[in-house]
Amino acid sequence: MNNLAKTRQKFTLILTVLGAVNLLLIIYLLLPGSSASGKAAQEQSLQTQVKNLNREVTPLRDIDKQLAKTRGDVQLLYAQKVPSQFSQISQHLEKLTQETGVTTLGIHYNEEKATQPDKHDLPDVQRISIDTTVSGDYAKVAHFINAMEQDKFVFIIDQISLNSQESGVISLQIKFQTFLKES
């Protein structure tokens, strides 16, 4: 009987271990995502996430090269299109008026020194507001404005107001901005 008791005890132990394993397998099968369709759905979801993340990351690839090119472009812009002295602006505007055949009634400069830097301000560049009144026939004034827009210096026209019109001669007040390198 001693032998039978030991066999019964081993059998009970084996049956208990198998029951516990069976219970763990049932729990595993009942967990969400453990079935074949759940795994397929989870895999599809992960693939969608990978595609979305790749789409978000793609513009950032080679960003270091793009930044280096942009820095070079900005330096070129500063060197070619931003004067370093007020006299260059004055001489250039005088040249434009002579080339287009308009006359000016004076050019007024206003340096804009911001107390708080704006996020749109360019580094090491000062914004200069300019007011002037030009007069001439319509074609010459239009040519002057066109020349300003296509000029090698950066001129941003803010406002144009018609002041008078006499016998084919018009007078326009022009407010515009340009930039000056800070020293």
For this session: Quote the FRET efficiency, to the nearest 0.05, computed for ASN3 versus LEU23 with a Förster distance R0 of 22 Å and r equal to the Cβ-Cβ distance.
Result: 0.15
Seminar exercise, completed: Rh (Kirkwood, all Cα-Cα pairs) for region 1-78, Å, reads 18.8
Problem set entry | the chain: most fluctuating residue of VAL21, VAL82, VAL134 per GNM, C-alpha cutoff 10 Å | VAL21
Problem set entry | Partners for LYS181 among lysines (Cα-Cα distance below 22 Å; same-chain residues under 8 apart left out) | LYS69, LYS81, LYS95, LYS113, LYS119, LYS152
Seminar exercise, completed: Looking only at aspartates and glutamates whose Cα falls under 15 Å of LYS175's and that sit 8 or more positions away or on another chain, we get GLU111, GLU112, ASP131, GLU149, ASP158
Exercise. So if R0 is 25 Å, what FRET efficiency would LEU31 and LEU53 give, r being the distance between their Cβ atoms, rounded to the nearest 0.05?
Worked result: 0.40
For this session: Please build a GNM for the chain, connecting alpha carbons under 10 Å apart, and tell me which residue among ASN146, ASN110, ASN52 fluctuates the most.
Result: ASN52
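What's the FRET efficiency of SER87 with LYS65 using the Cβ-Cβ distance as r and R₀ = 45 Å, to the nearest 0.05?
Numbers: r = 38 Å, r/R0 = 0.86.
Between SER87 and LYS65 the formula returns 0.70.
Bear in mind these aren't lab numbers, they're just calculated from the coordinates by the rules spelled out. Worth saying up front: this structure is predicted, and the values here are computed from it rather than measured. Neighbour counts are summed over all protein chains in view; Cβ atoms, including those assigned to glycine, are modelled from backbone coordinates with ideal geometry.
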